[in-house]
Amino acid sequence: MTNQMHIQKQIIVFGARGRVGRAVVAEARARGHRVTEAGRAEGDVTSAADVARLAAGHDAAVVAVYDPQAAPREFFPAVARALAAGLPRAGVGRLVGVGLASVLATESGVALMDTPGYPQEWRAFYAGHGAGTEALRAAAPDALDWAVLSPAGDFAADDADPPAPAGGYALAPADAAARITHADFARAVVDEATAPTLRAVHAGVGAV
């Protein structure tokens, strides 16, 4: 897939100061969209009231957050429930979350984290991310159109910050060997935020 020009949108990015968030902000602004950067200083993404306050007046939201101090199994579902309640209250109809390849199905249908040799020391983190997606699936009203994207495998090493796009992308099943730059992954996120093709699914994104 490649970039397309879209009508200017107003996008709020929760977690805008992380590596993925910065790449999404850069990509969206490069396309002429208006972007609001939201981090911990602006509000609590586990609070529906804060989400609604920050998101008011936007067309779409992107969430790429992580709290190293919180239990993943509690944090990610709490974020999902706050977004599911707060975004519709603010009139935002589209959400793109950033997930993990670990809980994405491989071509065989098995979750990547359950394949032989896959690192298990962060399994609680993987499971927390997956629980967040399931909480979103359970809590999102019809008024909220959502999708979760993750790299099909992991991010490639790219030193520029914000990074420059290196190529295109394609949707793909989980593959531990797959790599994509932050910039090319951001292309997919902004595409889905502004011109949705995926609904109520977690999809992997690979480089082409």
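The values are calculated or read from the model by the stated rules, or taken from the named source; none is laboratory data. All of these numbers come straight from a predicted model, not from anything done at the bench. No Cβ is skipped: glycine too gets one built from the backbone with ideal geometry, and neighbour counts run over all protein chains shown. Surface areas here come from the heavy atoms of the whole protein model, side chains and all, with no ligands, DNA or RNA. Shrake-Rupley method; radii C 1.70, N 1.55, O 1.52, S 1.80 Å.
Tabulated values for the structure
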| read-out | value |
| --- | --- |
| Student exercise, the chain dipole from Lys, Arg, Asp, Glu Cβ charges, in Debye to nearest 20 | 500 debye |
| Residues of the chain: accessible area per residue with a 1.4 Å probe, Å² | 45 Å² |
| Additional length obtainable on full extension of the chain from Arg17 to Ala176, 0.36 nm per residue less Cα span | 54.6 nm |
| Selection from Ala85, Ala23, Ala105, by position along the positive dipole direction of the chain (Cβ) | Ala85 |
| Shape category assigned to the range 9-84 from the gyration tensor of Cα positions, a/c cut at 1.5 | oblate |
| Length released on extending from Arg137 to Ala200, taking residue separation times 0.36 nm less the Cα-Cα span | 22.0 nm |
| Whole-number D in µm²/s for the chain (Stokes-Einstein; Kirkwood sum over Cα pairs; 25 °C, 0.890 mPa s) | 146 µm²/s |
| Global form of the range 107-208, assessed from the alpha-carbon gyration tensor, a/c cut-off 1.5 | oblate |
| Loop-located GluC sites (Glu not before Pro) in the range 66-154, at most 12 other Cβ atoms within 10 Å (DSSP) | Glu107, Glu121 |
| Within the chain, percent of DSSP bridges classed antiparallel, to nearest 5 | 15 percent |
| For Thr181, residues with placed amide H under 5 Å, excluding near neighbours | Ala156 |
| Under-5 Å amide H pairs with Gly97, H placed in peptide plane, nonlocal only | Val63, Ala147, Val148, Leu149 |
| Of all accessible heavy-atom area on the range 95-208, the percent that carbon and sulfur account for (1.4 Å) | 57 percent |
| Value of [θ]222 nm, deg cm²/dmol, for the chain, DSSP H segments ≥ 4, -39500 (n - 2.57) each, nearest 500 | -10500 deg cm²/dmol |
| Antiparallel content of DSSP bridges confined to the range 1-118, in %, to 5 | 5 percent |
